[in-house]
Amino acid sequence: MKIVVILAHPSEKSFNHAIADTVVKTLRENNHEVLFHDLYKEKFDPMLRREEAAKNAWIGPVIEKHCKELTASNGLVIIHPNWWGQPPAILKGWIDRVFRAGVAYEFREGDKGEGIPLGLLKGKTALVFNTSNTPDEREQKVFGDPLETIWKNCIFGLCGMTRYHRKTFNVILTSTPEQRKEWLQETEKIVIEYF
């Protein structure tokens, strides 16, 4: 299978990078083709410009490449930290620019955008690995886990990706090397289970 892997963390020494390394290594060991992008390292421009927003607008070679990879893929893995209950801005910009009308979704004929879009992505499996410094209980009780809503309902569910799993590793700040090793083993198991 062809799997797109997207990493959004600015520090190469982050646990997010360790997760991404594990994901890519596991996929390749299981004979998958990996299309890997480290958005910060590639200096991905997250700014969606007005001229680019329309369905048939000219999008440039970088966005065109990402769109083609997404539509050709059999699945997607995204790795990012939880910042203020959201993905980093660079990843939000990647979604804005790549999960485009005509690429990831479209509306039925006659629907001007007020209805529910039809998902276009052939890849039906999406994994998201998050890191956080908020304990699970507080995340659920106080914040209501906004990342779950964003990924499952607002993005993947509307684009046809029906097989979804998200795993959050926390609390990163106080985790031990042993705990992180266990988390990477868990990451490997999840990737194998879904791909």
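Does the stretch 143-155 contain any residue that is basic (Lys, Arg), over 22 Å from PHE36 (Cβ atoms) and within 12 Å of the chain's Cα centre (by Cα)? Please lay out each step first, then the result.
Quick first cut of the stretch 143-155, residues basic (Lys, Arg) only: 152.
After this cut, where a residue has to be over 22 Å from PHE36 (Cβ atoms) as well, the list is 152.
Still in the running and within 12 Å of the chain's Cα centre (by Cα): 152.
Among the residues of the stretch 143-155, at least one is basic (Lys, Arg), over 22 Å from PHE36 (Cβ atoms) and within 12 Å of the chain's Cα centre (by Cα), which makes the answer yes.
Does the stretch 27-44 contain any residue that is of a type in the set (A, V, I, L, M), under 24 Å from ARG97 (Cα atoms), modelled with pLDDT of 95 or more and not in a loop (DSSP other than H, G, I, E, B)? Explain how you work it out, then say what you get.
In the first step, residues of the stretch 27-44 are kept if they are of a type in the set (A, V, I, L, M); the result is 27, 34-35, 39.
Then drop every residue that is not under 24 Å from ARG97 (Cα atoms), which leaves 34-35, 39.
Of the ones still in play, those that are also modelled with pLDDT of 95 or more are 34-35, 39.
With the extra rule that they be not in a loop (DSSP other than H, G, I, E, B), the set shrinks to 34-35.
Within the stretch 27-44, one or more residues are of a type in the set (A, V, I, L, M), under 24 Å from ARG97 (Cα atoms), modelled with pLDDT of 95 or more and not in a loop (DSSP other than H, G, I, E, B).
Please work out which one of (1) under 21 Å from GLY160 (Cβ atoms); (2) outside any helix (DSSP H, G or I); (3) touching a His at 6+ places or on another chain (Cβ under 9 Å) is the condition LEU91 fails and give its number.
So LEU91 meets the others, but not (2).
Can you tell me how many residues in the stretch 60-89 are surrounded by 21 or more Cβ atoms within 10 Å (Cβ to Cβ) and β-branched (Val, Ile, Thr)?
3
Scan (1) over 15 Å from the mean Cα position of the chain (by Cα); (2) assigned to a helix (DSSP H, G or I); (3) surrounded by 14 or more Cβ atoms within 10 Å (Cβ to Cβ) for the single condition PHE169 breaks and write down its number.
Going through (1) over 15 Å from the mean Cα position of the chain (by Cα); (2) assigned to a helix (DSSP H, G or I); (3) surrounded by 14 or more Cβ atoms within 10 Å (Cβ to Cβ) one by one, PHE169 breaks only (2).
The values are calculated or read from the model by the stated rules, or taken from the named source; none is laboratory data. Everything numeric here is computed off the predicted structure, so don't read it as measured data. Cβ: placed from backbone, ideal geometry, glycine included. Neighbour counts: every protein chain shown.
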